[in-house]
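The values are calculated or read from the model by the stated rules, or taken from the named source; none is laboratory data. The shown structure was predicted, so the numbers you read here are calculated from the model rather than taken from an experiment. Glycine gets a Cβ as well: all are built from the backbone with ideal geometry, and neighbour counts include every protein chain shown.
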Amino acid sequence: MSTVSRPGRAETAAERASRWVRPEVAALDAYRVADASGLVKLDAMENPFPWPGALRDAWLQSLRAIDLNRYPDAAARELRRDLARWLALPPGLDVMIGNGSDELIQLVLLAVGGAGRSAMAPVPTFVMYEHLSRVTGTAFEGVPLSVDLGLDLPAFERAIGRRQPAVLFVAQPNNPTAALFDPADLDRLMSISDGLVIIDEAYHPYSGVSVLGSLADRPNALVMRTLSKVGLAGLRLGMLIGPAAWLAELEKVRLPYNVGTVAQATARFALDHAGLLVGQARAIVAERERVLTALSAMPGVSPYPSHANFVLLRLGQADPDAVHEALRRRGVLVKNVHRPGGPLAGCLRVTIGLANENDAFLAALEQSLRETAQG
Ligand SMILES: *Cc1c(COP(=O)(O)O)cnc(C)c1O
């Protein structure tokens, strides 16, 4: 690669960009979001419940006090205090906030990743761990899940011994499988890792399982949470929880005004009404079990147990690409996680929506399976 342009002809923007953009960035695909307009949107683990009108009005009223001409509270003191209470933060732990947990993943990699360092995660998993590793010039190694979609502990022990990753990401429960890893396996991973371990509990509202209680005893582990999956995906608010010594280092990388005043105030308002979100999560879990029962009764479909607000299902004979497309034609958008030959070959992932949306999905799936079987 040359940083000197050829004489004679004006260089195009594409040529100029290709000489200057770092090769590891040029090699990436931008994160693509499917167009959901006009479709029942069951692809992104959003909470389907809109806020009741009176609550919406009270929220808008609460925003009137904001002075948008001023910068946000850079330390987000009031929000962090409210979060600490909501999380029932154990003594010795602190919380920092990000513009979604995506930003916190990036921030961790900026602090401990980079050239000559590596990140690791069980795969398949949440795609941002690998994407942001590459963006930050951090080598990424995925350790394939075992056939039952659990952690392959012997493979991890070998990989960690060989590489000593600077950071290990584990989503508990995992996305896109909705499966919980064995807590004893997580314990083991945290013990054998010298580097930082991030336990990503994005689906905690639906799993109820956490390592928060034992975090203060560990020198190298942080818990990540988000408000996205519990009903505030539009807000962009993620949290990292852990020993103050780790968070103080990460604070140096965080942009001081990463979470704006409107987001801080809205998060505080939502936490004041946390009971509503908890009730919605409970309703979603009940719907999840209803959908799982219906899927189990459907010939040619095997759903996996779920500890999240989505379900992974495996198709027996049907072509997953064709079924995914047939669902879309019937107005239902789910996520196609099928990769030929991979551990999720034949799999689709569907988010739990409102009861009528789930019914629409179940009906469309039956029709799509029939259609593609004939096709
Ligand atoms: C959805 C998801 C996130 C994204 O969280 P944001 O706070 O919306 O950035 C993080 N981790 C996992 C495992 C997820 O599935």
Conditions (1) within 16 Å of the ligand (Cβ to nearest atom); (2) hydroxyl-bearing (Ser, Thr, Tyr); (3) surrounded by 21 or more Cβ atoms within 10 Å (Cβ to Cβ): number failed by residue 138: (1)
Does any residue in the range 293-308 that is closer than 16 Å to residue 348 by Cβ and within 16 Å of the ligand (Cβ to nearest atom) come within less than 8 Å, Cβ to Cβ, of a residue that is of a type outside the set (D, E, K, R) and modelled with pLDDT under 95 six or more places away or on a different chain, and which pairs are these? 304/149
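Answer yes or no as to whether residue 151 is closer than 30 Å to residue 278 by Cα and touching a Pro at 6+ places or on another chain (Cβ under 7 Å).
In short, yes.
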Counting only residues that are farther than 30 Å from residue 364 by Cβ and assigned to a loop (DSSP other than H, G, I, E, B), the range 43-67 contains a total of 4
Residue by residue through the range 179-210, note down the ones that are surrounded by fewer than 18 Cβ atoms within 10 Å (Cβ to Cβ) and either closer than 24 Å to residue 277 by Cβ or at pLDDT below 95 (or both). 208, 209, 210
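Can you find a residue that is without any contact (Cβ under 8 Å) to a residue 60 or more places away in the chain, within 30 Å of residue 265 (Cβ to Cβ) and touching a strand residue (DSSP E or B) at 6+ places or on another chain (Cβ under 8 Å) anywhere in the range 185-199?
Checked the range 185-199: at least one residue is without any contact (Cβ under 8 Å) to a residue 60 or more places away in the chain, within 30 Å of residue 265 (Cβ to Cβ) and touching a strand residue (DSSP E or B) at 6+ places or on another chain (Cβ under 8 Å).
Need at least 2 residues that are under 30 Å from residue 219 (Cα atoms) and of a type in the set (A, V, I, L, M) per element, so show me which helices (runs of 4 or more DSSP H) inside the range 246-354 make the cut, counting only ones lying wholly within it.
Ranges flagged: 261-272.
Going by the conditions given, is residue 165 surrounded by 20 or more Cβ atoms within 10 Å (Cβ to Cβ) and more than 16 Å from the ligand (Cβ to nearest atom)?
Spelling it out, residue 165 is indeed surrounded by 20 or more Cβ atoms within 10 Å (Cβ to Cβ) and more than 16 Å from the ligand (Cβ to nearest atom).
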Does residue 38 qualify as being under 28 Å from the mean Cα position of the chain (by Cα), surrounded by fewer than 11 Cβ atoms within 10 Å (Cβ to Cβ) and under 30 Å from residue 360 (Cβ atoms)? yes
Among the listed residues 228, 210, which satisfies the condition of being within 30 Å of residue 42 (Cα to Cα), away from the ligand (no atom under 12 Å from the Cβ), of a type in the set (Gly, Ala, Ser) and touching a helix residue (DSSP H, G or I) at 6+ places or on another chain (Cβ under 7 Å)? 210
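For the range 27-42, check the following and say yes or no: at least one residue is in a helix (DSSP H, G or I), out of contact with any Leu (no Cβ under 8 Å at 6 or more places or on another chain), hydroxyl-bearing (Ser, Thr, Tyr) and touching a residue at least 24 places away in the same chain (Cβ under 8 Å). Steps first, please.
Filtering the range 27-42 down to residues in a helix (DSSP H, G or I) leaves none.
No, there is no match, as no residue in the range 27-42 is in a helix (DSSP H, G or I), out of contact with any Leu (no Cβ under 8 Å at 6 or more places or on another chain), hydroxyl-bearing (Ser, Thr, Tyr) and touching a residue at least 24 places away in the same chain (Cβ under 8 Å).
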Return the residue satisfying two criteria in turn: it lies in the range 180-204 and is touching a helix residue (DSSP H, G or I) at 6+ places or on another chain (Cβ under 7 Å) and farther than 20 Å from residue 96 by Cβ, and of such residues it is nearest to the ligand (Cβ to nearest atom). 203
Taking residue 222 as the residue in question, decide whether it is within 16 Å of the ligand (Cβ to nearest atom), at pLDDT 95 or above, closer than 19 Å to residue 104 by Cβ and part of a loop (DSSP other than H, G, I, E, B). no
Go through the range 141-162 residue by residue and tally those that are surrounded by fewer than 16 Cβ atoms within 10 Å (Cβ to Cβ) and of a type in the set (A, V, I, L, M). 2
Complete set of residues in the range 89-123 that are crowded, with 24+ Cβ neighbours inside 10 Å, over 23 Å from residue 237 (Cα atoms) and more than 14 Å from the ligand (Cβ to nearest atom): 119, 120
Tally time: how many residues in the range 89-127 are in contact (Cβ under 8 Å) with a residue 40 or more places away in the chain and part of a helix (DSSP H, G or I)? 12
Total residues in the range 347-360, condition within 22 Å of the chain's Cα centre (by Cα) and of a type in the set (Gly, Ala, Ser): 1
